[in-house]
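Here's the structure we're looking at; comments come further down.
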Amino acid sequence: MTSTSTEPERTGSGTALLAVLMPAILVTVTASDMVNLMLPSIGAEFGASEAELAWVVTGFLLMFAIGIPLYGRISDRVSLRSLFAFALVTYAVGSLVCALAPELLVLVLGRIVMGVGAAAIPVLAIISVTRLMPEDKRGTGIGVVSAAAGIGTAAGPAIGGGIGQFLGWPALFWLMLVVALVLLPPALRVLPGEPPSGAGRFDLLGGILLGLGAGLVLFGITQAQVAGFGAPSSWGSLLVAVVAIALFGWRTVRVAQPFVPPALFTNRVYRAAVVVAFLAMVVNLGGLVFVPLLVVDVNGLAPGAGALVMIPAGVAVAVLSPLIGRLADRIGTRPLVLAGLVVIGVFALFLSAFTGGASVIPAGVGILGLSVGFIFVITPIISAAASALPGDQVGVGLGILQGAQFLGAGTGPALFGVLVTARLQSGSSAINPFYGGNDGAAYSDAFLAMAVVVVLALIVAFRMRPAPTRDADNAR
């Protein structure tokens, strides 16, 4: 198997490394949507409109979308210690600005700074595991990191709502500040300070074009959820995104050392992994967003109680992710990914058919199964992608993969939100003939659409079988 190690030996053990990476991932992923339930309180304090408040979330997400591929590429030239320290310090500064914000504009600027720091953590965590942990432990390490991301995604709204309700929304940012500062010293001890060897030139303009395109795609889709695709802010952003991505593609084939080496996508396993990761995240985040909305809108639960439905899914993700990582090391990627996609599809259909009644149990069971299926998909895929790439492409390759995941996380809720809104306005019955609820037909249709996306992911995943060459073992 081709080695992916371009960093020197780690300065701490694998356990110490994961002890730093897991809470860092947990905090940054939690921060992405922890303020959602507190937006009404923030709006009341600052006298802000709903459109203005949206920038508290959008500003953070845009920096995330732009930053992830950039950090992945920069990690091929700059030491992990320096990048991780920069990310934590920047995140802490942004948290401090938010905690002390006297007006909405300052709060939005603080969230943007937080996003600049937070964008580095997920991709650097995966790269750190890939470069610094032994090959036979890599799957387990990726599983632990995936567990932290899953817990943060599921727990973010509940943590934000609980702390914000009892201590006020600034307490959320004080907590993030403290955690970032606590993590900084051990990160400096565990991560190596020498830059990777053999790094080539850095195509900054290509990276900016790619980040701009990704950010504008996310922004355009988000605006479509609020104002519809006919709004200039939506179609205009998407149009500029297409231009930026086209210019990025043109530059990639014109410069000697492009931001993304074209050879990166000649690997069939890696190409399939990027597409499957995007589609799986579309469905996963769609479920994580719309199951709580379902139990609030249809079952009449309060937002705090609705978030409790997600707890079993978060616990299952935390327990299973490391186990799946070890299993991926033993039996390979493709069987786990296919099995996981089937599970996601089955439970998406389950949500489409059996929610909407008086009980919230079907919703809890559905999101539990969907989350478990997602972990069976994403953990092996990350491990396979890392193993499929030569050492000089690990940083940029994993950055692109993480960026695809994040775009899926932003795209899924927005697209399904447009569908739910349209179906609610039409007032028609559910498309799924097995749906027996009196209310919630729009949600049933959204879950059915998620099952369709899973079918597309399955078609792509069947192509993850490596070619029967020496490189096949590397892509496994």
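Given (1) assigned to a helix (DSSP H, G or I); (2) of a type in the set (Lys, Arg); (3) open to solvent by 20 Å² or more (accessible area, probe 1.4 Å), identify the lone condition not met by Arg111.
The single condition Arg111 does not satisfy is (3).
Among the residues of region 437-476 satisfying the criterion of being open to solvent by 50 Å² or more (accessible area, probe 1.4 Å) and among the hydrophobic types (A, V, I, L, M, F, W, C), which is modelled with the lowest pLDDT?
Filtering first and then ranking leaves Phe462.
Given the residues Val365, Val337, Val377, Val360, which is the only one that is of a type in the set (A, V, I, L, M), over 19 Å from the mean Cα position of the chain (by Cα) and at pLDDT 85 or above? Steps first, please.
Working: Val337 fails: over 19 Å from the mean Cα position of the chain (by Cα); Val377 fails: over 19 Å from the mean Cα position of the chain (by Cα); Val360 fails: at pLDDT 85 or above.
Step by step, each of Val365, Val337, Val377, Val360 is checked, and only Val365 is of a type in the set (A, V, I, L, M), over 19 Å from the mean Cα position of the chain (by Cα) and at pLDDT 85 or above.
Regarding region 297-312, can at least one residue be identified that is in contact with a Gly (Cβ under 7 Å, 6 or more places away or on another chain), open to solvent by 10 Å² or more (accessible area, probe 1.4 Å), within 30 Å of Ser444 (Cα to Cα) and β-branched (Val, Ile, Thr)?
yes
Among Ile331, Ile361, which is closer than 30 Å to Lys137 by Cα, without any contact (Cβ under 8 Å) to a residue 12 or more places away in the chain and of a type outside the set (Ser, Thr, Tyr)?
Ile331
In region 383-391, is there at least one residue being assigned to a loop (DSSP other than H, G, I, E, B) and modelled with pLDDT under 80?
Taking every residue of region 383-391 in turn, at least one turns out to be assigned to a loop (DSSP other than H, G, I, E, B) and modelled with pLDDT under 80.
Give the residue that is farthest from Met22 (Cα to Cα), with candidates limited to residues of region 177-198 that are at pLDDT below 80 and surrounded by fewer than 16 Cβ atoms within 10 Å (Cβ to Cβ).
Gly198
Quick check on this structure: which one of Phe60, Phe84 is part of a helix (DSSP H, G or I), modelled with pLDDT of 80 or more and more than 17 Å from Gln405 (Cα to Cα)?
Details: Phe60 fails: more than 17 Å from Gln405 (Cα to Cα).
Criteria check complete, one pass: Phe84.
Can you go through Glu45, Glu50 and tell me which one is closer than 20 Å to Ala414 by Cβ, among the charged types (D, E, K, R) and either at pLDDT 75 or above or touching a helix residue (DSSP H, G or I) at 6+ places or on another chain (Cβ under 8 Å) (or both)?
Among Glu45, Glu50, only Glu50 is closer than 20 Å to Ala414 by Cβ, among the charged types (D, E, K, R) and either at pLDDT 75 or above or touching a helix residue (DSSP H, G or I) at 6+ places or on another chain (Cβ under 8 Å) (or both).
Hey, any hits in region 320-331 for a residue that's at pLDDT 80 or above and either closer than 22 Å to Leu419 by Cα or under 18 Å from the mean Cα position of the chain (by Cα) (or both)?
No, because not a single residue in region 320-331 is at pLDDT 80 or above and either closer than 22 Å to Leu419 by Cα or under 18 Å from the mean Cα position of the chain (by Cα) (or both).
Would it be correct to say that Phe416 is under 23 Å from Phe347 (Cβ atoms) and either open to solvent by 50 Å² or more (accessible area, probe 1.4 Å) or not in a helix (DSSP H, G or I) (or both)? Outline the logic, then answer.
Working: under 23 Å from Phe347 (Cβ atoms): yes; either open to solvent by 50 Å² or more (accessible area, probe 1.4 Å) or not in a helix (DSSP H, G or I) (or both): no.
Criteria not met by Phe416.
Can you pull out every residue in region 248-269 that is in contact with a helix residue (DSSP H, G or I) (Cβ under 8 Å, 6 or more places away or on another chain) and either assigned to a helix (DSSP H, G or I) or open to solvent by 50 Å² or more (accessible area, probe 1.4 Å) (or both)? Step through it out loud before you land on a result.
Restricting attention to region 248-269, the residues satisfying the condition of being in contact with a helix residue (DSSP H, G or I) (Cβ under 8 Å, 6 or more places away or on another chain) are 248, 251-253, 255, 258-265, 267-269.
Correct list: Phe248, Arg251, Thr252, Val253, Pro262, Ala263, Leu264, Phe265, Arg268, Val269.
What pairs come up if the first residue lies in region 203-216 and is over 18 Å from Trp235 (Cα atoms), the second is basic (Lys, Arg) and open to solvent by 30 Å² or more (accessible area, probe 1.4 Å), and their beta carbons are under 8 Å apart, counting only those six or more places apart or on different chains?
Hits for this filter: Asp203/Arg251; Leu205/Arg251; Gly206/Arg251; Leu209/Arg251.
Here are some residues: Leu294, Leu239, Leu285. Which one is touching a residue at least 60 places away in the same chain (Cβ under 8 Å), among the aliphatic types (A, V, I, L, M) and open to solvent by 10 Å² or more (accessible area, probe 1.4 Å)?
Unique residue meeting the criteria: Leu285.
The values are calculated or read from the model by the stated rules, or taken from the named source; none is laboratory data. Not measured: the values here are computed from a predicted model. Here Cβ is always computed from backbone atoms with ideal geometry, including for glycine, and neighbour counts include all displayed protein chains. Please note that ligands, DNA and RNA were not included when accessible areas were found on the heavy atoms of the full protein model with its side chains. Shrake-Rupley method; radii C 1.70, N 1.55, O 1.52, S 1.80 Å.
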